[in-house]
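Quick notes on the structure that follows.
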Amino acid sequence: LQSSVVELFRQPDVLVRVGKTTGLTEAKSQVVDGDKADLGRLVKRLTGDAKEPMKAVLTLTANRPQVQAQQITSLRCDGDDWEATVDLLINASRGVVDALRLDVPASWSGPYKTTPPAVVDLVQNGKGDGGQLVVRPHSPIEGDYRIRIAGPLAVASGRPVGVPDIVLSGGSPVERFLVLPTQRQLQPIAWETR
């Protein structure tokens, strides 16, 4: 054995800090193979010479982030096609957030585009009335973070357009705003509120 690679992963409820290391250096590549995604979030990839002893001091603490969020949902029409966009402004303190979860209706089922890029999975609830959108940024969210998620809004022919009820879940306080167009193809739009 000439050299070793040590990959350190963590689960969402744990924070890991790598302290003093002996016989190990940080590897430049931080890309995780798809078959290792179930191991958790990659903390560090270290390489070492197998001829020397390899040691690392790790500090583990609970990850219990406090999250404050603002959510701005906006609708846009292009001819007969509608799109819903959700802008999330997140502030995470006392920990990190690995994934955002949004309860979404069936009318907003993708495909989705995120800015900045993130891994997005839609988990259907099995009832046919929507599911949960799981958004995993490439790096854990710490401090201020902004992400935009856009996708087509399904509207049944001859039916009025409804605003999708998209809710950031997780028990954190969320301030929600709604931005609606006032015209469609130069015709005024009247929105009914309930």
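The values are calculated or read from the model by the stated rules, or taken from the named source; none is laboratory data. Computed from a predicted structure; not experimentally measured. Positions of Cβ are generated from backbone atoms using ideal geometry, with glycine treated the same way; all protein chains shown enter the neighbour counts. Areas reflect the complete protein model, heavy atoms only, side chains present, ligands, DNA and RNA absent. Shrake-Rupley method; radii C 1.70, N 1.55, O 1.52, S 1.80 Å.
Here are the numbers for the structure shown:
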| quantity | calculated |
| --- | --- |
| Within the range 141-181, tally of residues that are outside any strand (DSSP E or B), within 19 Å of Leu100 (Cβ to Cβ) and not hydroxyl-bearing (Ser, Thr, Tyr) | 6 |
| Matching residues, the range 183-194, being touching a residue at least 40 places away in the same chain (Cβ under 8 Å) and exposed (fewer than 11 other Cβ atoms within 10 Å of the Cβ) | Gln185 |
| Residue match in the range 77-84 (condition: modelled with pLDDT of 90 or more, touching a Pro at 6+ places or on another chain (Cβ under 6 Å) and either under 20 Å from Val134 (Cα atoms) or open to solvent by 50 Å² or more (accessible area, probe 1.4 Å) (or both)) | yes |
| Cross-chain or 6+ apart pairs with Cβ under 6 Å, the range 159-182 first and touching a residue at least 12 places away in the same chain (Cβ under 8 Å), then polar (S, T, N, Q) and open to solvent by 50 Å² or more (accessible area, probe 1.4 Å) | Glu175/Gln70 |
| For Leu39: the one exception among (1) among the hydrophobic types (A, V, I, L, M, F, W, C); (2) within 21 Å of the chain's Cα centre (by Cα); (3) open to solvent by less than 50 Å² (accessible area, probe 1.4 Å) | (3) |
| Residue within the range 31-49 that is farther than 23 Å from Phe9 by Cα and modelled with pLDDT under 95 present | no |
| Filter result for the condition that a residue is in contact (Cβ under 8 Å) with a residue 40 or more places away in the chain and crowded, with 16+ Cβ neighbours inside 10 Å, over Asp87, Asp103 | Asp87 |
| Search result, residues across the range 111-135 that are over 23 Å from Gly171 (Cβ atoms), surrounded by 14 or more Cβ atoms within 10 Å (Cβ to Cβ) and at pLDDT below 95 | none |
| Every residue from the range 1-24 that is over 30 Å from Val120 (Cα atoms) and either at pLDDT below 90 or touching a Lys or Arg at 6+ places or on another chain (Cβ under 9 Å) (or both) | Leu1, Gln2, Ser3, Ser4, Lys20, Thr21, Thr22, Gly23, Leu24 |
| Among (1) at pLDDT 95 or above; (2) more than 13 Å from the chain's Cα centre (by Cα); (3) among the aliphatic types (A, V, I, L, M), the one test that Val67 misses | (1) |
| Selection from the range 50-63 of residues that are open to solvent by less than 70 Å² (accessible area, probe 1.4 Å) and at pLDDT below 90 | Ala50 |
